[in-house]
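Inspection log for the structure reproduced underneath, given as structure tokens.
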Amino acid sequence: MNTKRFVKSSLCPELTDIPPLGIDETTLARAFRHYYTNHLGRDKSCNLLHYAYESLALVVRDRLMERWKKTRYAYEDSGGKRAYYLSLEFLMGRSLGNSILNLGLDEEITEAMNRVCLDFEELADAEQDAGLGNGGLGRLAACFLDSCATLQLPVQGYGIRYEYGMFRQRIQDGFQVEEPDHWLGADNRWEIERPEYAQRVKFGGRSEFYTDHNGASRCRWVDTRDVLAYPYDVPIPGHQNGTVNTLRLWKAGATAEFDLGEFNSGDYPGSVAAKNEAEKITMVLYPNDASENGKDLRLRQQYFLASASLQDILDKWVVTRGSDLSSFAENNCFQLNDTHPSCAVAELMRLLMDEQHLEWDAAWDITRSTMAYTNHTLLPEALEKWPVRLFEQLLPRLLEIIYEINARFLREVAARWPGDMERQQRMSIIEEGAEPQVRMAFLAIVGSFSVNGVAELHSRLLQEGLFRDFFELWPEKFNNKTNGVTQRRWLAWCNKELSSLISDSIGNEWVTDLAQLTQLKQLATDETFQQRWQQVKFANKQQLAELVKTECDVDFDPHAMFDVQVKRIHEYKRQLLNVLHVIHLYDRIKRGDCEDWTPRCVLIGGKAAPGYAIAKLIIKLINNVAKVVNNDPEVGDKLKVAFLPNYRVSAMERICPGTDLSEQISTAGKEASGTGNMKFMMNGALTIGTLDGANIEIREEVGEENFFLFGLTAAEVEEQRRNYDPKAIIAADENLSRVMQLLESGHFSQFERGIFAPIVGAIGNRYDPWLVAADFTSYVAMQEQVSQAYRDQQSWTRMSILNTASSGKFSTDRTMQEYNAEIWKLKPIAAQPVGKSTVDPARALNGLVNAEQVPAAVES
Ligand code: 26Q
């Protein structure tokens, strides 16, 4: 990219001030034809859906662009505080449908497409998912951005533009096979490249200490191998409010010296290799895989994101406000999405001291009042640590700063608990041992003013367990922010039928104020409303059955109960428990114990990390069980089982509207929050679940009589571990004995003798961390109650309505208002409406908090 600039310093307005684009059907249809014909060069001889999708994407993008500019200007003019969401993952999914919904153009676009004989939904369905995330944490970031734009909060996302997103999953002979997801293969219409804001990120080298012209001793990081960071901006439209926020994703590229240096030494292949080395940094999203821990490329990614983003923000500060940083902290806040970007703590210190020439104390004050850390896991093995040796090689200057942060911090610990050496060792950012490690969570806590968990139970367990020492030292830093999901994507867009029914009954304010759904409670016992609710669910189940037929070649009868578990495959999420129940149902049918039977269709989907052998074996087991069950004529329609390949955001948009029963069955104390549980609830599914993560709050909201609870509590789990005897549990439960017998006998592995031995072993192991056997009996008993409950369709429908009606708390609009009131403290800023295209500004801001009505920030 040639980055030569205009000679004139400011551009003439004739170039950039353009009248607003039309949004009526005629103009939209004309714009569509223009792109299809003149821009993409297609005509009637081409019938590829892809080009029609591209044309519509361009039409919509034009309309986003003008609102985007106005939003930027409004934020700049306000000079107000901004927040930045730093995340290695943004699981955006598709953009076209969401943009159209948020621009309020669905009717116009539908009509415009009809005029050119195309079906808008079919075009929207042609888009590939942007799969730049693993699961919950990445999708949460995407929902947060949607809510911030809708609340008109000046929040910008910073992430990485991976060339390859989350791998595609194929199932071959029942096994997971991973394929690369080269989602950027074609043009991406939802980004604009901004080489004019490229940044330089350093790696390697060494520190050099020197005395500056004022006699102050300073440090500079020299002899580095630099990489360039190129920003790509993605528009994030708010809901019908004229706001378009920004997600800035960085792509790595080689510097000119890289090429030149090697080229001049006559080493042409060497120069190409250097370029590859740089570009490798943003090549691929790491799957959440314990076997990948400690890989240096991952640390490079993390530092690359932190450094490029912080430099970007500091540069803008210096350009617009000069080098005085005394009010920087009042104006900026960085939210760290888990420890993944937590290098930012040390990097901000480095930039402030080495580049902006602040003293330690001033830099530390700024760092500690701008950084906020969100934790997303309680699993100790998931806590990030990096070998000191790796830091030394890759980021020597950062390591020095981390040592200094730690030394000062440990002095504080020593002052608080004099002589308690054990505590100092426990709390040290550096873990001593044969291979000393940097504990990233501790760095994040020490460097932040706020530390939060993602559901009430999770936040409490952090304070009592993992971060107990830190909670004792700084109780005021700790807080909870229960997760949510955006109802724009997860109800209004993905479940049009139910949305219309809801809006016909209570109006459409729920789209920006989900608490409005409580009004549905009065309708829960209304028979006509129940009937309409049932009809919608049935239609959605027909659609889901179609998906299952196409993807899995299994026949789901929409009259049966649709029992669904979709999420990453992990032992703690206990897909195994689900399979054991399926095998138990199969066993009952085979022994003729099926009076008053409730037919069930069990759907399971999710990706296993490529290096996680037992998780992959669980997928194989699900597929083998499905094969046996689905092909047994004795079973017939009583039970069907399917494994849905390549679970992703756009699949969930089809799955959650058609689900009756949501499986949230993790070992209590292990699922930080869960967000799939919220999507299902919102769409009228009932939950069978443990007292874990946000399930607890879901049950509180909907009432215990409308939630199927089973299993040990988090405290009981820890108690049970002490003398856990799964073999005795199996022996004592006739059903479980029979299930284990079927597994061991090779009934589901006829021509693959013994392949499930590791699973049988894991269930019977006294040290099974997930206590699968311990919860089997109560799970099966509760599943029986679910079956009974489903037989009373009227009562089930009432409970279904109550679930949707009680889901108001689980909107990310509420979550973002809480982050803002208690952590960020930003003022909402409304952008100038674009012509008439924001519809009617009064309607546009309807139901939204605006600048004058900002909730008083809660002082901590
Ligand atoms: C770590 C090191 C190296 C490579 C990858 C990773 C890595 C990547 C992704 C580690 C963890 C993740 C993702 C974690 C995650 O999705 N956690 C989920 O976050 C949700 C949002 O808060 C919660 O609802 C879920 O309970 C939690 O499991």
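The values are calculated or read from the model by the stated rules, or taken from the named source; none is laboratory data. Given the structure is predicted, the values throughout are model-derived calculations rather than measurements. Here the Cβ positions follow ideal geometry from the backbone for every residue, glycine too, while neighbour counts run over all protein chains shown. Note: areas computed on protein heavy atoms with side chains; ligands, DNA, RNA excluded. Shrake-Rupley method; radii C 1.70, N 1.55, O 1.52, S 1.80 Å.
Laid out as a table, the results:
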item: Segment 603-623 - residue that is in a loop (DSSP other than H, G, I, E, B) and out of contact with any strand residue (DSSP E or B) (no Cβ under 9 Å at 6 or more places or on another chain) and, of those, surrounded by the fewest Cβ atoms within 10 Å (Cβ to Cβ); result: 611
item: One residue from 88, 105 being touching a residue at least 12 places away in the same chain (Cβ under 8 Å) and either within 13 Å of the ligand (Cβ to nearest atom) or touching a Ser or Thr at 6+ places or on another chain (Cβ under 8 Å) (or both); result: 88
item: Residue pairs meeting the criteria (Cβ under 8 Å; at least 6 apart or on separate chains; first under 28 Å from residue 185 (Cα atoms), in segment 283-296; second more than 8 Å from the ligand (Cβ to nearest atom) and among the charged types (D, E, K, R)); result: 283/163; 284/163; 287/607
item: Of all residues making up segment 136-163, the number that are open to solvent by 10 Å² or more (accessible area, probe 1.4 Å) and either within 14 Å of the ligand (Cβ to nearest atom) or at pLDDT below 95 (or both); result: 3
item: Complete set of residues in segment 384-408 that are under 25 Å from residue 573 (Cα atoms) and either assigned to a strand (DSSP E or B) or open to solvent by 40 Å² or more (accessible area, probe 1.4 Å) (or both); result: 385
item: Options 338, 365; residue that is touching a helix residue (DSSP H, G or I) at 6+ places or on another chain (Cβ under 9 Å), over 18 Å from residue 206 (Cα atoms), touching a residue at least 24 places away in the same chain (Cβ under 8 Å) and away from the ligand (no atom under 16 Å from the Cβ); result: 365
item: Answer residue from segment 671-683, given it is open to solvent by 10 Å² or more (accessible area, probe 1.4 Å) and under 23 Å from residue 514 (Cα atoms) and is farthest from the ligand (Cβ to nearest atom) among those; result: 679
item: Test: residue in segment 733-751 that is within 16 Å of the ligand (Cβ to nearest atom), in a helix (DSSP H, G or I) and either surrounded by fewer than 24 Cβ atoms within 10 Å (Cβ to Cβ) or charged (D, E, K, R) (or both); result: no
item: Residue within segment 653-663 that is open to solvent by less than 10 Å² (accessible area, probe 1.4 Å) and of a type in the set (Gly, Ala, Ser) present; result: yes
item: Only one of 626, 615, 668, 608 that is out of contact with any Cys (no Cβ under 7 Å at 6 or more places or on another chain), small (Gly, Ala, Ser), closer than 21 Å to residue 742 by Cα and within 16 Å of the ligand (Cβ to nearest atom); result: 615
item: Members of segment 605-653 found to be under 19 Å from residue 179 (Cβ atoms) and among the basic types (Lys, Arg), listed by number; result: 607, 616, 620, 648
item: The listed residue being touching a residue at least 60 places away in the same chain (Cβ under 8 Å) and under 20 Å from the mean Cα position of the chain (by Cα), out of 165, 138; result: 165
item: Long-range neighbours under 7 Å by Cβ, at least six apart or interchain, first residue open to solvent by less than 30 Å² (accessible area, probe 1.4 Å) within segment 491-520, second among the basic types (Lys, Arg); result: 501/532; 511/488
item: Test: residue in segment 466-479 that is within 16 Å of the ligand (Cβ to nearest atom) and open to solvent by 40 Å² or more (accessible area, probe 1.4 Å); result: yes
item: Residue ID - nearest to residue 247 (Cα to Cα), chosen from residues in segment 62-85 that are under 24 Å from the mean Cα position of the chain (by Cα) and away from the ligand (no atom under 16 Å from the Cβ); result: 84
item: Top-ranked residue in segment 375-387 [being near the ligand (Cβ under 8 Å from one of its atoms) and not acidic (Asp, Glu); ranked as farthest from residue 449 (Cα to Cα)]; result: 382
item: Segment 224-241, subset over 18 Å from residue 401 (Cα atoms) and not in a strand (DSSP E or B), residue nearest to the chain's Cα centre (by Cα); result: 238
item: Criterion (more than 16 Å from the ligand (Cβ to nearest atom) and either buried (at least 19 other Cβ atoms within 10 Å of the Cβ) or within 25 Å of residue 133 (Cα to Cα) (or both)) met by exactly one of 346, 372, 414; result: 346
item: Matching residues in segment 693-702 - criterion: being in contact with a helix residue (DSSP H, G or I) (Cβ under 7 Å, 6 or more places away or on another chain) and of a type outside the set (S, T, N, Q); result: 693, 694, 696, 697, 698, 701, 702
item: Residue in segment 663-674 that is at positive phi and under 27 Å from the mean Cα position of the chain (by Cα) present; result: yes
item: Complete set of residues in segment 69-100 that are in a loop (DSSP other than H, G, I, E, B), hydroxyl-bearing (Ser, Thr, Tyr) and either touching an Asp or Glu at 6+ places or on another chain (Cβ under 6 Å) or open to solvent by 20 Å² or more (accessible area, probe 1.4 Å) (or both); result: 95
item: Subset tally (residues that are in contact (Cβ under 8 Å) with a residue 40 or more places away in the chain, in a loop (DSSP other than H, G, I, E, B) and either within 14 Å of residue 32 (Cβ to Cβ) or within 13 Å of the ligand (Cβ to nearest atom) (or both)) for segment 116-131; result: 2
item: Flag for residue 352 being among the aliphatic types (A, V, I, L, M) and not in a strand (DSSP E or B); result: yes
item: Residues of segment 531-579 classified as within 14 Å of residue 663 (Cβ to Cβ), open to solvent by 40 Å² or more (accessible area, probe 1.4 Å) and touching a residue at least 60 places away in the same chain (Cβ under 8 Å), total; result: 1
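Listed here are the residues, each with its yes/no results for (1) more than 9 Å from the ligand (Cβ to nearest atom); (2) of a type in the set (Ser, Thr, Tyr); (3) at pLDDT 80 or above.
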site	(1), (2), (3)
264	yes, no, no
271	yes, yes, no
285	no, no, yes
289	no, no, yes
294	no, no, no
